[in-house]
Each structure stands twice: as C-alpha cells, then as structure tokens.
Amino acid sequence: MAGSAGPNDFGGRTSVRVVVVGDRGTGKSSLIVTIAAESFPENVPSVLPPTRLPSDFYADRVPITIIDTSSSPEHRGKLATECKLADAVLLTYACDQPSTLDRLSTFWLPELRRLEVKVPVIVVGCKLDLRDEQQQVSLEQVMSPIMQQFREIETCIECSALKQVQVPEVFYYAQKAVLHPTAPLFDQEAQTLKPRCVRALKRIFILCDNDRDGALSDAELNDFQVRCFSAPLQPSEIVGVKKVVQDKLPEGVNDHGLTLTGFLFLHALFIEKGRLETTWTVLRKFGYDNDMKLREDLIPVAFKRAPDQSVELTNEAMEFLKGIFFMFDIDGDGALRPAELDDLFSTAPESPWAEGVYKDATEKNALQGLSLDGFLSQDLMMWSLRFHVTLKEETWSDTVWKALKSIRNLLWTLMTLVEPASSLANLIYIGYSGDPASAFHITRRRRLDCKRQQSQRNVLQCYVFGPKNAGKSALLNALIGRPFSEKYTATTSERFAVNVVELPGGSKKKTLVMREVPEDGVKKLLSSKESLAACDIAVFVYDSSDENSWRKSMELLVDVASHGEVTGFGMPCLVVPTKGDLDPSPMAVQDSTRVCHVMGIQAPIPVSMKLGDSNNVFRQIIVAAQCPHLNIPETEAGKNRKQYRLLVNRSLMFVSAGAAVAIVGLAAYRVYAARKNIPNASGELSV
C-alpha cells in the first residue's frame, strides 16, 4: 500500500517558494548556486537573485523558487517580507562555526516566531567538509534539544556544497515539507496521528469498505490501491501488508481483512518512517486539503440566492438524516448520547454543534428525570432530537418512543438556515452521497411572499429585540422547553433557539428559529442594508412592569421599522410584554397598546415565563409570519413618505390628465382649422 503522488495531487499547489536565511558566511549563496549549477562556484555574489529549479528536478514535478537573503541589519525589512511570503524556510549554520549554531535558538528561530512565520523550517548545517574531525558530534544529539523547543523545525540535515554532499536532499526535504507536511498528520510529541487526520482516514476507510463489514477485504484493498496509486497490489503484497500489521497489532486484521485499527496503524507507520507522501496521496485522492477538510471545489461555498431567500433541507435529506440517527442510536433509546453523537461525527473534522450558535440552541437535558405525565403534558414535537440525554427507564412508554422516532433533526435545520455550506459539508462527511442539489431547497423570495400574501416556508426565522433584562432569553428558553430561571445573565452575543411549533388544528407544524439580538448589537445589525432580509418576523420584548423598558423597546421597534421602510425589507412585527407575574406598569400597557394600533400591528401578546403562561405566543408568531403582508409597522416618517408619494402620484395624474386634454383640444382645433380651409366645389375657400 504505497506509491508516489502525481503532479495534481498537492491540493492545487503549482510551485514551492523556499527562502534561505542565516548568519553571514554560513554558506547560503554557495548552497543555492551549487544546487542550480550542480557545481561549486569560485566566486559568489553576496545575495543571489531568485533561482528556479525546474519541475522535473524532483519526482513530484513541482518547480521550486529559491530566495536568497542578506542578514545585514539594513536589509532586515526585506528579510521579514521574504519570510512572510515563504512556503518553507531553510535556516543555515556553519558546521565549522559553533557560534552560528548557537544563534539558531538565541536569534533566528525566535525572530521567525516574532515575524509570525508559520511554515516548515529546515535547519541546514553547511560546510560539513570543514568540521573539526576531533569534535564529531551526532546531528541528533546536537539538534534534539532545539527541536524540542521549536516544534516548527521539520528536518535537520548537514551538507557540503564544496564536496556536493547531500545538497539535493536539502531542497528535496524543503519541497517535501511543503507538499507533504507533517504537522496536519502527526503529533510529534505524542507520537500519534492527529485527531483530524484520524477522522479523515476513518471516512476514507468507510467509503472503501463496500460491503460494510468493518474490514477491507483483499479485493477492497486492491481497489483502494488502484484508486490512490493507479497500480494494483500483487497477492503476495497484500499478504505482506496484513502480516506487518498483524505482527505489530493483532486486532488490525480479522477474518474479513484489514480493520480500521490496522488501516490507521499502517498510516502511522508510513509517517514514522518518513513516507508522508503515501498518506498525503491517499488524503488528496479523496479530496482533503492541508486542514484535513474537503476541498472547496467539492463543497459549494455559496448558495446562489437573493438576500430574502432562505435554504431548507429537502425530504430526501431529512430521510437520510433519520436513517443516520437510527443507525447511530446503538442503545435504541430514541436519543443520541455523547458517545453516539461523537461516533456519528467521527468522520467529520469535528462535531459541528460543539461550539457557536448551535451549542445552546436546543435543550440537551430536557428529559432527564421527567415523569411520564410531565413529559406527555408537553408538545411531544417540541423535544426534537435531544442530545446528551440521560433518561429514567420507568418514564418511557410506546407513545413516547413513537413520538421521538417521528421528530426531525432541528440542529440540522438550524445549520442549513444559518450556514448552508456547513450543512452540506457535514452531510457529505457523515455519508450523504446524493446530488448536493437534491438535499436543499431555496425558498421563494419574501417580497414575492408578501405580494402573494402567503409564506410557503417550513422554517421561519424570528428576530427577538428588546432592552436588557426584558426577558428575551427567557422567551427563547421557553421555546426549547428549558425551565425558567430567576438568575439573570446578560446576553452579550447573538443566540439561537429552534423548535417545532404545531399550528391551530394540529394538522401542520412549522419550525421556528428565534434569534436573540442583544440591545448593544442592534446598531451594528442595522448598519447593513440587507441585515433584515433574512428575518421573517420580528418580536419586540419589554418588561411589562417597567415603563422605561417599554420606552427602549418602542425605540427599537421604530428603528427596525424605519430600516425596513427605507430598505424595502419590512417584515411583520409583534410586541410581547413579559413578566406578567409582576405588577404591570399601567402607562407601559396603555402606551404599547396605543402604539401597536397607530402603527397598524397586532395588539401586544402578554406572557409570563415564570408562571408558564406563554399565551400561545410561538403559535401566534408562526401565524403572523405566514402572512407577511400583515402586521408591518408604519412609522410617522414612513406615513409621511407614503402621503408624499400619493401627492406626487396624484399630481402626476393631474398633469397627465391635463396634458391629455390639451392634446385632444389641439387635435380638435387642427381638424376644425383644416376643415375651414378646404376649397368648395367652385374652387373658392369657404368663409
């Protein structure tokens, strides 16, 4: 299981730029001239112009451009610029000058770090022929402490330009460090494959395990070899490969063939033996880049759509996800426990829901310790795929199992709405092999929905605005079934919550995504013309016991409504007074009702999350969002602009009508005049 890479197997890289640095007199220029001319020069300039090694110089057939540098203080700026443009750095010292070796760790390597040069470093000992034979010390012994301190060092090598000893190897290692880097694959300190590398290789193994028996048979191994290296394995070679694995790792081979454990062991062995090109060839044949992610050309990075269009999963994608869910729900408890979820995403670079907007978007422990009666008193469709759930066995019944098995994966729905490219990438990582276009649906433009007075969307996004401590987070928590908490924690960044809401009559369900916008983030949000294009409906929350809270919420309502009027991305808006368990502020209640009436939107919807009184607010949000032509607030400025447009239109109509009358009159006059000037039968003009 080995081979060499072809010219197109380097993640699209077509050249390698190597910058040579080091103290004056360490042999930088002589090294470059010797590799280019294949002979030692008599006279060498202090700094050479860029030197190019042709593509056929090494087997990988990728040309190398070598940049010489000066170590003089006056050229420090030029040196820094070249280092930042480098793909690899050759750092030289002179074998006959111990002080230049000391300078590697006291100056050069710290300087490269200061410049934030994050490329492989090849340490090169030049002038090997001049070393004092009485002070012979092994290279490993000298460099080991330095390499422990500076992990960016990829390789150390000594050479002699005069004797032409290991000069080609110097630049070969530099090229290899760029085309086949160690860092993404292997943890030198732990001496193990890196997690992302393991995940990528596991996905490749599964893709090659055609019969899904957990092992690569001889035929599957041979197919793998042909795909990656364009050459079949002989039967004796297959036997040899499996024997190497079995001798070192008995569980690496079973009756069916090479196991995943054995497959990973083989690649670790290749890397330890310096044959990184073998593993890299495999990874690149399957589309991986240096970050252990699939290349962008394999995953569309953008979905062509207007700002007011959204992306939803198709039924085909949902059916695939349901199948995946049940495949990884090993214990059949209707939920994915931590180990099961980790296993599901073990072929992706990482779990997409570990951080970011997804981490807190659903309630992970909503079912823990909940009685059957308590559970059944809730809307079963609200519970989604509850991850990281510990359940009491006595709380389950067939009704609960059936309900859980009929639900949709809300985090996938959220990811598709917020980051459709990431959703597609993760679908592919976990095994979706269909046409990417079949997994997603681009919704109709919201402006067109407004004209047709009906939204066709299955996933509706609600922006939640309001001042601090108004109850925005409590509203989102209620959507996902999280218990009310008296503890107040200010939201400093946008937060999402997602759940399924049953519509009146119980025949239809829609997915509601609520996006909490912190008060401090509203100004930044509204700085973009298209910032509200993705918003299907906006909710303005205020503390019903606090008149000042209502005043701030009203200001936000006016700002958002004005933005929608100016940009053309107006949306339905609702006002939600919270904390109905507290004594209400009469002024806030009266004023909010009056403002809603004046602006032409639905009356406020009071709620109390503490008392569990949601007043069907989520259902009302969905109903309002489905009628995008209603509940669009009008500001005074908007009304004035509307009246102005009506006046202008009426004026234009009056002017147009007057012009039409004038034109008709002129035409009639011309006909009359023409008739007066028609000669009579005698040839005289009529009087």
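The values are calculated or read from the model by the stated rules, or taken from the named source; none is laboratory data. Model, not experiment: these values are computed from the prediction. Because the Cβ atoms are built from the backbone with ideal geometry, glycine has one as well, and the counts that use them run over all protein chains shown.
Here are the numbers:
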{"item": "Every pair of residues 6+ apart whose Cβ atoms lie under 6 Å, when the first sits in region 313-334 and is closer than 15 Å to Ser423 by Cα and at pLDDT 80 or above while the second is in a helix (DSSP H, G or I) and among the β-branched types (Val, Ile, Thr)", "result": "Leu313/Thr416"}
{"item": "Within region 399-422, considering residues that are among the hydroxyl-bearing types (Ser, Thr, Tyr) and more than 17 Å from Asn458 (Cα to Cα), the one modelled with the lowest pLDDT", "result": "Thr399"}
{"item": "Region 246-267 - residue that is within 23 Å of Lys285 (Cα to Cα) and of a type in the set (Val, Ile, Thr) and, of those, surrounded by the fewest Cβ atoms within 10 Å (Cβ to Cβ)", "result": "Thr261"}
{"item": "Which numbered condition Phe205 misses (of (1) over 30 Å from the mean Cα position of the chain (by Cα); (2) modelled with pLDDT of 95 or more)", "result": "(1)"}
{"item": "Residue list for region 544-564, restricted to those being surrounded by fewer than 15 Cβ atoms within 10 Å (Cβ to Cβ) and farther than 30 Å from Ala533 by Cβ", "result": "Asn548"}
{"item": "Test: residue in region 241-255 that is assigned to a helix (DSSP H, G or I), in contact (Cβ under 8 Å) with a residue 40 or more places away in the chain and basic (Lys, Arg)", "result": "no"}
{"item": "Residue check for Ala306: surrounded by fewer than 19 Cβ atoms within 10 Å (Cβ to Cβ), more than 32 Å from the chain's Cα centre (by Cα) and at pLDDT below 95", "result": "no"}
{"item": "Meets criteria (touching a Lys or Arg at 6+ places or on another chain (Cβ under 6 Å) and among the aliphatic types (A, V, I, L, M)) for Ala94", "result": "yes"}
{"item": "Segments classed as strands (runs of 3 or more DSSP E), wholly inside region 28-140, with at least 1 members that are surrounded by fewer than 20 Cβ atoms within 10 Å (Cβ to Cβ) and touching a residue at least 12 places away in the same chain (Cβ under 8 Å)", "result": "51-53, 64-68"}
{"item": "So Ser473, is it under 28 Å from the mean Cα position of the chain (by Cα) and surrounded by fewer than 19 Cβ atoms within 10 Å (Cβ to Cβ)", "result": "no"}
{"item": "Residue within region 83-99 that is under 36 Å from the mean Cα position of the chain (by Cα), within 24 Å of Arg151 (Cβ to Cβ) and β-branched (Val, Ile, Thr) present", "result": "yes"}
{"item": "Matching residues in region 141-151 - criterion: being in a loop (DSSP other than H, G, I, E, B) and either over 30 Å from Asp291 (Cβ atoms) or among the basic types (Lys, Arg) (or both)", "result": "Arg151"}
{"item": "Matching option when the condition is buried (at least 20 other Cβ atoms within 10 Å of the Cβ) and in a helix (DSSP H, G or I), among Leu207, Leu221", "result": "Leu221"}
{"item": "Residue check, Ser549 under 19 Å from Cys462 (Cβ atoms), outside any loop (DSSP other than H, G, I, E, B), modelled with pLDDT of 95 or more and of a type in the set (S, T, N, Q)", "result": "no"}
{"item": "Scope region 565-592; condition surrounded by 22 or more Cβ atoms within 10 Å (Cβ to Cβ) and part of a helix (DSSP H, G or I); matching residues", "result": "Ala588, Ser592"}
{"item": "Condition check for Cys535: surrounded by 23 or more Cβ atoms within 10 Å (Cβ to Cβ), assigned to a loop (DSSP other than H, G, I, E, B) and at pLDDT 95 or above", "result": "yes"}
{"item": "Residue count for region 297-345, restricted to those that are in a helix (DSSP H, G or I), closer than 27 Å to Ile204 by Cβ and not small (Gly, Ala, Ser)", "result": "19"}
{"item": "Positions within region 607-628 being free of Cβ contacts under 8 Å to residues at least 40 places away in the same chain and either farther than 24 Å from Asp583 by Cβ or part of a loop (DSSP other than H, G, I, E, B) (or both), in sequence order", "result": "Leu611, Asn615, Asn616"}
{"item": "Selection count where residues are in a loop (DSSP other than H, G, I, E, B) and either in contact with a Ser or Thr (Cβ under 9 Å, 6 or more places away or on another chain) or within 16 Å of Tyr93 (Cβ to Cβ) (or both), scope region 160-175", "result": "4"}
